[in-house]
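Data block below; observations after.
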Amino acid sequence: MRRLFPVTDETPAQAIGAPAADREWSFAELAAAYAYPEPRDHVSDGPRPWLRGNMVSSLDGAAQHDGHSQPISSAADMRIFGTLRALADVIVVGAETVRQEGYRPARARADFAAAREAAGQAPAPAIAVVTASLELDFSLPLFTSPLVPTLVLTGAAAAPERVAAAERAGARVVVAGEGMGVDPARAVSALAALGHTRLLTEGGPRLLGQLIAAEVLDELCLTLSPTLTAGDAQRISGGPSVAVPRRFGLVSLLEEDGFLFGRYRRP
């Protein structure tokens, strides 16, 4: 893996030993390169949450192929994927992505155990599923055997029988909207109130689009895959448009086997 663009002052190159080109970076080096920024601002009685997204896109803008992201991914992409998960308190994901990708609970990773303990984090990040209908299979391991209880983010008008089903399965239901749906800003605040300030979303595109439109996305980690898919696959974000395009700044850029791993942050 090669560094093409330096990291910011918050994560200086010397912090990861300026790894040589053309070798596999260790998880410690990747963790330093993708470290969350130190909390600066505070909201109410705690640090301001930081929400980053992690997505992969083909050269022609597809976020998936045949409904899955794996065909446009790579081994290096999966190492970064695992690192970003290991740094997070909670992983926010849309219900459709849970269904399509067959989401499982996040697992504890020995490489990150000491760092997570030192940071006061649980052994693994919680998964927070955003859903209006709660039409989920609560018999799946995501709900029956997570290391950390799965969260379900929904609206106040969600069907009581589905809320009860989620709670019977062991999930913690968090109300983050007045109607059926979830308000993105309220979801971020609700997660922060539970002590989750290092937030990661893996989409899907509809959820990411909602987070962008609500102006709660702080950072985007984007893998540009050197593949072409054609077809009519979704982009990495969809849903409502913003009135004015949001410009993010490039923080760092890594490369391996033609894959570009960019990290972008809003001003």
Suppose we keep just the DSSP beta bridges with both residues in the chain; what percent of those would be antiparallel, to 5? 40 percent
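Looking at segment 135-267, send over the antiparallel percent of its DSSP beta bridges, to the nearest 5. Write down the numbers at each step before the final one.
Numbers: 13 of 17 bridges.
Antiparallel bridges: around 75 percent, rounded to the nearest 5.
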Counting alpha carbon pairs within less than 8 Å and at least 6 residues apart, what relative contact order, in whole percent, applies to segment 95-242? 17 percent
Over all directions, how big on average is the projection of the convex hull of the alpha-carbon atoms in segment 82-154, in square nanometres? 4.7 nm²
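From Cα pairs below 8 angstrom and at least 6 apart in sequence, can you work out the relative contact order of segment 129-192, rounded to a whole percent?
On the way: 108 pairs, mean separation 22.5, N = 64.
Once normalised by length, the contact order is 35 percent.
With the Cα gyration tensor of the chain in hand, give its eigenvalues times 5 under a square root as the equivalent ellipsoid semi-axes, listed largest first in whole angstrom.
Sorted largest first and rounded, they come to 29, 21, 19 Å.
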Expected sort for 251-263, 157-169 on mean C-beta neighbours within 10 Å, highest first, is 251-263, 157-169
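What relative contact order, as a whole-number percentage, does the chain give when Cα pairs under 8 Å and 6 or more residues apart are counted?
Details: 544 pairs, mean separation 69.4, N = 267.
Computed over the chain, the figure is 26 percent.
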Spin-label point model (7 Å from Cα, Cβ direction): what's the Ala28 to Ala157 distance in nm? 5.3 nm
Using a 1.4 angstrom probe on the protein heavy atoms only, line up Trp25, Trp50 by accessible area, largest first. Trp50, Trp25
Per q in 0.22 1/Å, what log10 I(q)/I(0) does a Debye calculation on the alpha-carbon atoms of segment 45-128 return? -1.20
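The values are calculated or read from the model by the stated rules, or taken from the named source; none is laboratory data. What you see is a predicted model, and the numbers here were worked out from it, not measured in a lab. Counting neighbours? That spans all protein chains shown, and the Cβs are built from the backbone with ideal geometry, glycine included. Just the protein is used for accessible areas: all its heavy atoms, side chains included, with ligands, DNA and RNA removed. Shrake-Rupley method; radii C 1.70, N 1.55, O 1.52, S 1.80 Å.
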